[in-house]
Ligand code: SF4
């Protein structure tokens, strides 16, 4: 029987199948500085981490993005300080590799996995964070888990799971200039909705993804969870293998050849059947931004804000009315007439080197008119960006160049957008209060955020491109 990429990985990892659920072997697990609950639960039961070398940890959610060299004493919030301290203590006690606040490999958990080669095709990978779907871009089955499931993984390296359904989203065509993975995934979520992937693993297929660099694929899979999906995946190919080759935890020598032979047979077989199929025309995708308070409430930059009265679905109509009140926007307003107060470039969605290059290309030789900051996805990305001189472009334009962390994505580390202010953000969630109490978030690509920083309003980046 022809099988999908997901089915191949699932079947290879089932230990016990009870029909309605299966016990899966978990190859790798990622941890961040919010994982203290799971360690506390392990301690309560007197358990140890069963396979510490199969976990990797990094401090990202609570770490400050400025003044970090001053150490823990510089973290003013006592809860955040305690979590960062506990992170080091738990890692040392259980023998887990930990990239602490000032470690040279520190970064956002979903950036350091692929970056170090810890994330590989064909594996099962968990993390106590919903955006674990990111790692599916490497051809892994990667999904977020809660604190009690994280405890199970740490204690047993296994996890009971219901088998999800499969959804293939095919985007064929060629993306235009100024259109990136972020625009593609926002266009997808605008089409299928925030519940469109519920109960499914999405496989992204088609010429648009085949032509996309790893960074773009990671952005797309990152936001699968915003469509309600359990995971997002892209078949591994030469782009994946070239990205992985030589990375710290990638196989080497003869083991690389063996791994490559296994990875090459992972892609979905011709004739394999998905539970559902959706397709989009890649040629028609424009730079896309959100106007409301879910990633589904997104439109091409050339559009106007819709009138909720035109929505056939009563729940969506009510949500749009409430979103427009929160966002202080009126139906019929052109998206390009929306004024911006803050700009934030970074996160596990768009904090990789290619993302920073795209933003810097727009900012080069220009000045911003609003405050903003750039937080690279990892300390390695920061070093690489500085080696290329990107930090100077950001600083000369007037943006702050900060250290790596989740920063203003969830605003847990003190980096937030003030109440009532409107941010152009490269993050993945625009819920009410996500970037700070009363903050208004418009999700967009790094290039679009850079364009908004220059003009002070939502701007079609293609007009600023030579
Ligand atoms: S950058 Fe945002 S979405 Fe990503 S792991 Fe951090 S808080 Fe979560």
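The values are calculated or read from the model by the stated rules, or taken from the named source; none is laboratory data. Remember, it's a predicted structure, so these values are computed and weren't measured experimentally. Here the Cβ positions follow ideal geometry from the backbone for every residue, glycine too, while neighbour counts run over all protein chains shown.
Before moving on, here are some points about what is shown:
- Condition met for residue 104 (part of a loop (DSSP other than H, G, I, E, B) and either within 16 Å of the ligand (Cβ to nearest atom) or under 22 Å from residue 245 (Cβ atoms) (or both)): yes
- Counted residues, the range 400-429 - those being within 12 Å of the ligand (Cβ to nearest atom) and either in a loop (DSSP other than H, G, I, E, B) or at negative phi (or both): 15
- Condition met for residue 300 (assigned by TED's automatic domain parsing to the domain that holds residue 439 and within 20 Å of residue 209 (Cα to Cα)): yes
- For the range 435-466, residues that are closer than 24 Å to residue 296 by Cβ and crowded, with 22+ Cβ neighbours inside 10 Å total 17.
- Residues of the range 113-142 that turn out to be assigned to a helix (DSSP H, G or I) and either within 18 Å of residue 52 (Cα to Cα) or within 16 Å of the ligand (Cβ to nearest atom) (or both), as a count: 12
This table checks each residue for (1) in contact (Cβ under 8 Å) with a residue 60 or more places away in the chain; (2) within 16 Å of the ligand (Cβ to nearest atom); (3) out of contact with any helix residue (DSSP H, G or I) (no Cβ under 9 Å at 6 or more places or on another chain).
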| residue | (1), (2), (3) |
| --- | --- |
| 305 | no, no, no |
| 318 | no, no, no |
| 330 | no, no, no |
| 334 | no, no, yes |
| 360 | yes, no, no |
| 374 | no, yes, no |
| 378 | yes, yes, no |
| 391 | no, no, no |
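A quick yes/no check of all residues on (1) more than 30 Å from residue 239 (Cβ to Cβ); (2) assigned to a helix (DSSP H, G or I):
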{"site": "64", "(1), (2)": "yes, no"}
{"site": "76", "(1), (2)": "yes, no"}
{"site": "83", "(1), (2)": "yes, yes"}
{"site": "87", "(1), (2)": "yes, yes"}
{"site": "111", "(1), (2)": "no, yes"}
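- Here the condition is being under 30 Å from residue 339 (Cα atoms) and either surrounded by 13 or more Cβ atoms within 10 Å (Cβ to Cβ) or in contact with a helix residue (DSSP H, G or I) (Cβ under 7 Å, 6 or more places away or on another chain) (or both); of 322, 310, 279, it holds for 322 alone.
- Yes/no for residue 408 being buried (at least 22 other Cβ atoms within 10 Å of the Cβ) and in contact with a strand residue (DSSP E or B) (Cβ under 7 Å, 6 or more places away or on another chain): yes
- Strands (runs of 3 or more DSSP E) (entirely within the range 179-281) containing at least 3 residues that are closer than 17 Å to residue 123 by Cα and at pLDDT 95 or above: 200-205, 231-233
- Restricting attention to the range 337-353, the residues that are surrounded by 18 or more Cβ atoms within 10 Å (Cβ to Cβ) and outside any loop (DSSP other than H, G, I, E, B) add up to 10.
- Tallying residues that are surrounded by fewer than 17 Cβ atoms within 10 Å (Cβ to Cβ) and either free of Cβ contacts under 8 Å to residues at least 24 places away in the same chain or part of a helix (DSSP H, G or I) (or both) within the range 89-101 yields 3.
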